[in-house]
1. Relative to the longest principal Cα axis of the chain, at what angle does helix 3-20 sit, 0 to 90 degrees, rounded to 10?
2. If you line up the long axis of helix 60-79 against the longest principal axis of the chain, both from Cα atoms, how many degrees apart are they, to the nearest 10?
3. Please identify, among 36, 69, 51, the residue showing maximal mean-square fluctuation in a Gaussian network model of the chain using a 10 angstrom Cα cutoff.
4. Ignoring the sites themselves, what is the longest stretch of the chain with no chymotrypsin sites (Phe, Trp or Tyr not before Pro) in a DSSP loop and at most 16 other beta-carbon atoms within 10 Å?
5. With the calculation restricted to Cα positions, what are the radius of gyration and Dmax of the chain in angstrom?
Amino acid sequence: MGILSWIIMGGLVGWVASLIMGRDKNMGLLANIFVGVVGAFLGGWLASLVGLGSFSGFNLSSFLIALGGSCLLLWITGMFKKK
């Protein structure tokens, strides 16, 4: 995947993850892209450890792996925020 594909996929995945985790009001475009890209790396690493595959391109399985990693990332960062 090229850099533009990473940015587009990261933005979409980060946005959907922020909606799922209830953080959409707190995040902007750059935060969504960051969460999506880092979540793709995290999800791909965890999926390969478990044997579910890896982040391989612009397809549904990669989207779901990145979404899982992004939700996990938002959950972990939420544990460190004060309520």
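1. 50
2. 30
3. Among 36, 69, 51, the largest mean-square fluctuation in the Gaussian network model of the chain belongs to 51.
4. Numbers: sites that count: 58, 80.
Answer from the scan: 1-57.
5. Values for the chain (Cα only, Rg and Dmax): 12.1, 38 Å.
Only the coordinates and a few stated rules stand behind these numbers; no lab work does. Owing to the predicted nature of the structure, the values given are computational and were not obtained by experimental measurement. Using ideal geometry, Cβ is built from the backbone for each residue, glycine included, and neighbour counts are taken over all protein chains shown.
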